[in-house]
Protein chains: 4
Amino acid sequence: MKPLIAVCGSDEDDENLGDKALKIAEEIGKEIAKRGAILICGGRGGIMQSACKGAKEGGGITIGILPFSKGEANPYVDVAIESGLGHFRNYIIISSADAVIAICGRWGTLNEISTSIILGKPTILVKGTGGVVDEIIENKILENIEGRYLIARDAKEALDLAFRFIR
Amino acid sequence: MKPLIAVCGSDEDDENLGDKALKIAEEIGKEIAKRGAILICGGRGGIMQSACKGAKEGGGITIGILPFSKGEANPYVDVAIESGLGHFRNYIIISSADAVIAICGRWGTLNEISTSIILGKPTILVKGTGGVVDEIIENKILENIEGRYLIARDAKEALDLAFRFIR
Amino acid sequence: MKPLIAVCGSDEDDENLGDKALKIAEEIGKEIAKRGAILICGGRGGIMQSACKGAKEGGGITIGILPFSKGEANPYVDVAIESGLGHFRNYIIISSADAVIAICGRWGTLNEISTSIILGKPTILVKGTGGVVDEIIENKILENIEGRYLIARDAKEALDLAFRFIR
Amino acid sequence: MKPLIAVCGSDEDDENLGDKALKIAEEIGKEIAKRGAILICGGRGGIMQSACKGAKEGGGITIGILPFSKGEANPYVDVAIESGLGHFRNYIIISSADAVIAICGRWGTLNEISTSIILGKPTILVKGTGGVVDEIIENKILENIEGRYLIARDAKEALDLAFRFIR
């Protein structure tokens, strides 16, 4: 069975979401596919869409766990899972993943990062992508709190870290 | 996006599960793949394993939504989703499917059939496969109760019915 | 901690739902309260409302696990839990209960009965209340299928059975 | 129907959890009861237990949504809901609440805070209680991220804020 790697991050309507973060998401998606893993994500726009686009460029498979309907899926999703669970679907994405990579993001992404940490998944924050991810890294908050995350500077390092910790 | 078709039915420890039901499950899996759909199921043994085996023979993709761990997956599952939800994962399987096909089965399969009907999914029972499916068909119970199921006599008819109702 | 007893059954729009079933639901609600247990249910109309009404007459506490909004609760619900999970909330009702009593009902009630049986909860069907419950009892279907239910003829017997099996 | 107010925070094994935070949790529990609301929480130790203790002192009702078993409940829980959902039960607690009050806490509490904010619930952080709550307040992180929380300095202010926003 191929490993599942989750990519979490801003939807397209996030004002903090910039081209750099989208480009990294696409590189990470491509790298996931090239290394033989399957991309799992929330299936919508922004970071999720760029990651799916990259995974398809790399010849991979993309799974989107949607809040309610397939109509919400971006055009690069191969398998659209209609969870019927709304925001609660975040849990299924993280629970299914062998490793979780977070890029930029808002409170929804923080919800996925915190779920990942409490479920004990390898959790990788990509530095320099803005949003909640850089807020956590730059303020060094939460570093005295039990449960740990890893910091990557680019797509290659994110995948190296993910594969180092995949069981 | 390819349609998702769920196959539900007995795990391998069901005493009522016979070779005929397993053979039909395999044929249905193969037919799902040949018609360009993706198989989604509970990912374990018995009917689920035969359906996955068939789908792989047909060149398709198989998704297994597992109660807890990937270790529970049969060898024909391509994408193993660790839901962390136990029996509650039945809901995710049905919620994600464009059509649901049930073969033999016990109370767990009845749980999936009833979920499928209350969610308004096309729900196909395969006649002659034993278990809960034939109990429902033969006793004509529940036919005066709102919410309907369809009856198929073989793999081909099951898929014909599924595709007739896929949006 | 007081035991939790779930009452499941038809919503008010079920054509098969008659006065007898509603009266038994009310008696069962009252009996739950009198014996010191807490009523848990789906919080809506029909059987659920009659059971809640009875529990309040008996001086008890009523919990309603609602699909989405408090606005769906009947006037006898003390604690309205907005699950945000739609039909999926059935699982939470059953998972929480120490025993489950089913009255009349359609596919949604069958979903709760089957969940109760696969979770290994004491599951009591009240004979003579119509709907799915009597279909199961009268046709003696599913009796060769692993997993068992108990049959009660009135409110008193339903509660006697529930308390016999509460851990 | 009485409003439901959730109290989230550290379990008893959190090294950052001090007597001040526990005392505030107890005062908040008592205040919830006195103002006619019902306390809902994770049902376990630490902040949850102190809040339940306070609510019982105030003559109120306490609901504990447990990860798996009633055996995990603290002695002040009146209604123990066995969700069977593990950490996923966080979502049910928040989804059910009319307002959410967070005290101290680690990643699990951050998971609840972020769920509360994405579900649009009034979310109150109690300043000076340490842990994740003070990390967020002191570093003023996430304040440029959409979705907002409120800051309270004591039990009275926490409840004033909660009731100001309850529909």
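Projecting 7 Å from Cα along the Cα-to-Cβ direction, the label point of C:Met1 sits 2.3, 3.2, 3.9 nm from its equivalents in the other copies, listed shortest first. Taking the axis that rotates chain D onto chain A, the chain D residue nearest to it by Cβ, with the distance rounded to whole Å, is D:Asn139, 2.
Here chain C exposes an accessible surface that is 46 percent carbon and sulfur, computed with a 1.4 Å probe and the other protein chains kept in place.
Counting only the Cα atoms, the range A:33-78 fills a convex hull of 53 Å³ per residue. Sorted largest first by accessible area at a 1.4 angstrom probe radius, with every protein chain in place, the residues C:Met1, D:Met48 fall in the order C:Met1, D:Met48.
Taking amide H positions as modeled 1.01 Å from N, with prolines and chain starts lacking one, the residues under 5 Å from D:Gly84 and 5 or more places away or on another chain are D:Phe68.
Rounded to the nearest whole Hz, the Karplus-based 3J(HN,Hα) values (6.51 cos²θ - 1.76 cosθ + 1.60, θ = phi - 60°) of the range D:22-28 follow the sequence 5, 5, 5, 4, 5, 4, 5, with x at glycine and proline.
Computed about the Cα centre, the dipole magnitude for the protein assembly as shown is approximately 0 debye when only Lys and Arg (+1) and Asp and Glu (-1) carry charge, each at its Cβ. Pairing chains C and D buries close to 2000 square angstrom of accessible surface in total, based on protein heavy atoms and a 1.4 angstrom probe. Within the same chain, lysines fewer than 8 places from A:Lys53 are excluded, and of the rest, those with a Cα less than 25 Å from its Cα are A:Lys2, A:Lys20, A:Lys23, A:Lys30, A:Lys34, A:Lys70, A:Lys121, A:Lys127, A:Lys156, B:Lys2.
Dipole magnitude for the range C:4-166: about 440 debye, using +1 per Lys or Arg Cβ and -1 per Asp or Glu Cβ, origin at the Cα centre. Take the Cα coordinates of the protein assembly as shown, assign each an equal point scatterer, and use the Debye formula without solvent to give log10 I(q)/I(0) at q = 0.07, 0.10, 0.11 Å⁻¹. The Cα Debye sum returns log10 ratios of -0.45, -0.93, -1.10. Label points for C:Gly59 are taken 7 Å from Cα along Cα→Cβ. From this copy to the others they lie 1.7, 7.4, 7.5 nm apart, shortest first. Applying 1/(1 + (r/R0)^6) with R0 = 51 Å to the Cβ-Cβ distance of C:Lys2 and D:Arg148 gives a FRET efficiency near 0.85.
The modelled label-to-label distance for the pair B:Ser69/C:Ser69, using points 7 Å beyond Cα in the direction of Cβ, is 4.4 nm.
According to the Cα-based calculation, Rg over Rh for the range C:47-103 is 0.95, with Rh computed by the Kirkwood formula.
Residue by residue, the range D:71-85 carries 3J(HN,Hα) couplings of x, 7, 6, 6, x, 9, 7, 7, 10, 9, 9, 8, 6, x, 10 Hz when phi is fed to the Karplus relation 6.51 cos²θ - 1.76 cosθ + 1.60 (θ = phi - 60°); x denotes Gly or Pro.
Across the identical copies, the 7 Å label point of A:Lys34, projected outward along Cα→Cβ, sits 3.9, 6.4, 7.4 nm from its counterparts, in ascending order. Using alpha carbons only, the radius of gyration of chain B set against its Kirkwood radius gives Rg/Rh = 0.93. Amide H contacts under 5 Å for D:Ile38: D:Leu4, D:Ile5, restricted to partners 5 or more places along the chain or on a different chain, H placed in the peptide plane at 1.01 Å from N.
The values are calculated or read from the model by the stated rules, or taken from the named source; none is laboratory data. Worth saying up front: this structure is predicted, and the values here are computed from it rather than measured. Here Cβ is always computed from backbone atoms with ideal geometry, including for glycine, and neighbour counts include all displayed protein chains. We work out accessible area using only protein heavy atoms, side chains counted, and drop any ligands, DNA or RNA first. Shrake-Rupley method; radii C 1.70, N 1.55, O 1.52, S 1.80 Å.
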